Amino acid sequence: MTVNALSPASPVASQGTSSPTTAQHATKNPSDISSLKPFYVEHVTESHPFLENEKENKDGLPLSQPEHNRVMKALGTAITWTQKAISALKDPSGWSGETKKLLSDLFPGGLQEPSQRQALKTQLTYTLDGLQKLRDDNASTVRSMSSEHRLGLSMSMIDPETHDKIRFDRMYISEKSLKDRPDDALAATVLHEASHTYADTSDNWKTRPNHSSPPDGKPSFSFDTHLSVPDPVSGKSHSDLTFTNAVNNASTVEVATEVLAGVPFNSIA
């Protein structure tokens, strides 16, 4: 979720309506982080939305060579998934029955309306641009963090003078994830965090596949809509399961990308 934001910042405000992410917030280099006080960390893929250590907030830990190799591989996988997903959005008539069922469970309306597909395509296009930038930059803004509780996170801040929301072009992945997480699961984490930084998605809820339930059963996913930190604008402690919230939710964008790319349901983390 957005911490201390003055107003929600979502690239997709309604079905079929989108505006450029760059118009919503500025993305800065991590070297600018120390110039802003106070700073806030958001968009954590697991619990505990704030990093406790200020130095780790700013700098993270440099990737070791094995970690860097894994991140580059994960970026390649996430890019391929996102490209396939964007292509699949062009023609829903080619979707399998399982794909339709899963997307229907993820999004109210099941992406059957062209405006809904366009809204998701907008998010994926921004995310893809960011993933390709990260790969082209040799993952220079990706850091590891010594956390046992988080898979990954990204950062944004509120400029104390202008009150503008500023997204920082940096991604943190936990050392444990970089060491132990399976390749596809790590790619999903990278995709999730890139959607935060480059498509300005939020953490409205966590989408968890119910692998004990077959795709043709109900439900395919469970949703934890409780916000660990209440929304600073509305004061709400949970998110409503609406299409707008879904298409602006990093976890939903992440899982929908895998579904559209043809990743087997039982392989989705």
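The values are calculated or read from the model by the stated rules, or taken from the named source; none is laboratory data. Small disclaimer: the values here were computed from a predicted structure and weren't measured. Cβ: placed from backbone, ideal geometry, glycine included. Neighbour counts: every protein chain shown. To get the accessible areas, we keep the full protein, side chains included, count just its heavy atoms, and leave off ligands, DNA and RNA. Shrake-Rupley method; radii C 1.70, N 1.55, O 1.52, S 1.80 Å.
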Among the numbered criteria (1) open to solvent by 20 Å² or more (accessible area, probe 1.4 Å); (2) modelled with pLDDT of 85 or more; (3) not in a strand (DSSP E or B), which single criterion is violated by ARG143? (3)
Of all residues in the stretch 197-241 being at pLDDT 65 or above and hydrophobic (A, V, I, L, M, F, W, C), the one that is surrounded by the most Cβ atoms within 10 Å (Cβ to Cβ): ALA199
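Could you list, in sequence order, all residues of the stretch 67-82 that are open to solvent by 40 Å² or more (accessible area, probe 1.4 Å) and free of Cβ contacts under 8 Å to residues at least 60 places away in the same chain? If you could, list the steps in order and put the result at the bottom.
First, the residues of the stretch 67-82 that are open to solvent by 40 Å² or more (accessible area, probe 1.4 Å): 69-70, 72-73, 80.
Of everything in the stretch 67-82, just one residue is open to solvent by 40 Å² or more (accessible area, probe 1.4 Å) and free of Cβ contacts under 8 Å to residues at least 60 places away in the same chain, namely ASN69.
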May I ask you to list pairs of residues, at least six apart or on different chains, whose Cβ atoms are under 9 Å apart, with the first in the stretch 84-113 being more than 26 Å from ASP240 (Cβ to Cβ) and the second being open to solvent by 70 Å² or more (accessible area, probe 1.4 Å) and not aromatic (Phe, Trp, Tyr)? ILE86/LYS121; LYS90/LYS121; GLY97/ASP216; GLU98/ASP216
Please determine whether any residue of the stretch 164-175 is over 16 Å from the mean Cα position of the chain (by Cα), of a type outside the set (A, V, I, L, M, F, W, C) and either modelled with pLDDT of 95 or more or surrounded by fewer than 16 Cβ atoms within 10 Å (Cβ to Cβ) (or both). yes
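Condition check ((1) assigned to a helix (DSSP H, G or I); (2) at pLDDT below 95; (3) farther than 30 Å from VAL71 by Cβ; (4) over 18 Å from the mean Cα position of the chain (by Cα)) across all residues:
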position: GLY109; (1), (2), (3), (4): no, yes, yes, yes
position: LEU120; (1), (2), (3), (4): yes, no, no, no
position: LEU124; (1), (2), (3), (4): yes, no, no, no
position: ASP129; (1), (2), (3), (4): yes, no, no, no
position: ALA139; (1), (2), (3), (4): no, no, no, no
position: SER156; (1), (2), (3), (4): no, yes, no, no
position: GLU161; (1), (2), (3), (4): no, yes, yes, yes
